[in-house]
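Heads up, the thing below is written out as structure tokens.
The values are calculated or read from the model by the stated rules, or taken from the named source; none is laboratory data. In this text, all values refer to a predicted model and were calculated from it rather than measured experimentally. Backbone-built Cβ (ideal geometry, glycine too); neighbour counts: all protein chains shown.
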Amino acid sequence: MIDLALSIFCSSLIFVVFKLYTRFKIETFYAIVTNYVVACVTGLLFFEKKVSTHEILQAPWLLGTLLLGVLFITVFNLMAKTSQENGVSVASVATKMSLVIPVLLGVILYQEKLSYLNIVGILLALIAVYFASLKKDRLRISRNSLLLPALVFLGSGIIDSTIKYMQETQLDRSEFPLFSSVVFAGAALSGILLILIRAPKNPPRPNLKNMLGGVALGIPNYFSIFFLLRALQNEQLNSASIFTINNVAIVMFSTLLGILLFKEELSPKNWLGVAMAVVSILLVALF
């Protein structure tokens, strides 16, 4: 449970850093690419064995990590575009509701058992995330604007499901730091490639603030994945419980940090969502 709590803490810090980007006028995309480089280096520093290029190239999880790297940066950009075109609430709901995908795959692929109270808790978690994400304006989604949220939903769910599958079938606990590093290296290379493609029309400009923003994001970003992988090895909780607690607790803790650090105001619907989140965690974790 300590690993899960640390993953939740690090994931919540990511939202705080994103919020600070606006305050300090940091260019998000360049900071994101820097963050992946920092996260990769952090993982290599925490890998206890000697890093061997041959070993990495021969690893059964190499192809999966490269896929994850591309997904990481792609889904983030989709989230940004969804926030701009559909609203932050839509992007948040689409991202957090994606926990349904790894939960269902855990039941189908790994024969994980869910009690009736677990199922109620998971359904309650989805409702809680919806209410906790609502702003003052009512959330409305037209048929023509469903594509971006649907892609965010699928992309986030595929990321969580792929991490769970590789943790179950291809990873040894001692490889977690190296695995995480290669994932972030794949994301960094994808971002750098995109920068080079854009370079003729939009030349990159080195900026110390962007680099510092990437460092501030990269460290918690790395440990959010590292501790999640360790949490998934918990013998007392199945992956459905882990992903449910992880996603709902991130919403709760991020909400609390928003109130304490940025004086954000919550509507009655937001408070209802937080209360439902607490109940859902109790149902999933205790039963």
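Quick look at the numbers
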read-out: Criterion (closer than 19 Å to Lys19 by Cα, without any contact (Cβ under 8 Å) to a residue 60 or more places away in the chain and part of a helix (DSSP H, G or I)) met by exactly one of Leu266, Leu256, Leu217, Leu261; value: Leu256
read-out: Pair list, Cβ < 7 Å and 6+ apart or interchain, from the stretch 229-244 residues that are farther than 19 Å from Ile119 by Cα and modelled with pLDDT under 85 to residues that are surrounded by fewer than 17 Cβ atoms within 10 Å (Cβ to Cβ) and not small (Gly, Ala, Ser); value: Gln233/Arg173
read-out: Hey, Thr42 surrounded by 15 or more Cβ atoms within 10 Å (Cβ to Cβ), assigned to a helix (DSSP H, G or I) and of a type in the set (S, T, N, Q) or not; value: yes
read-out: Condition check for Met166: surrounded by 14 or more Cβ atoms within 10 Å (Cβ to Cβ), within 20 Å of Cys40 (Cα to Cα) and in contact with a Gly (Cβ under 7 Å, 6 or more places away or on another chain); value: yes
read-out: Residue list for the stretch 18-36, restricted to those being hydrophobic (A, V, I, L, M, F, W, C) and within 14 Å of the chain's Cα centre (by Cα); value: Phe18, Ile32
read-out: Pairs, first on the phi > 0 side of the Ramachandran plot in the stretch 102-129, second surrounded by fewer than 14 Cβ atoms within 10 Å (Cβ to Cβ) and among the acidic types (Asp, Glu), C-beta under 6 Å, six or more apart; value: none
read-out: Qualifying positions in the stretch 220-246 - closer than 23 Å to Ser98 by Cβ, part of a loop (DSSP other than H, G, I, E, B) and of a type outside the set (S, T, N, Q); value: Leu232, Leu237
read-out: Pairs with Cβ under 8 Å, 6+ apart, first in the stretch 46-68 and modelled with pLDDT under 85, second surrounded by 12 or more Cβ atoms within 10 Å (Cβ to Cβ) and of a type in the set (D, E, K, R); value: Ala59/Glu175
read-out: Test result for Lys25, at pLDDT below 85, among the charged types (D, E, K, R) and surrounded by fewer than 17 Cβ atoms within 10 Å (Cβ to Cβ); value: no
read-out: Selection status of Tyr165, at pLDDT below 80 and either of a type in the set (Phe, Trp, Tyr) or within 28 Å of Gln111 (Cα to Cα) (or both); value: no
read-out: Filtered residue count, the stretch 215-247, keeping only those that are more than 23 Å from Glu168 (Cα to Cα) and either touching a strand residue (DSSP E or B) at 6+ places or on another chain (Cβ under 6 Å) or buried (at least 24 other Cβ atoms within 10 Å of the Cβ) (or both); value: 2
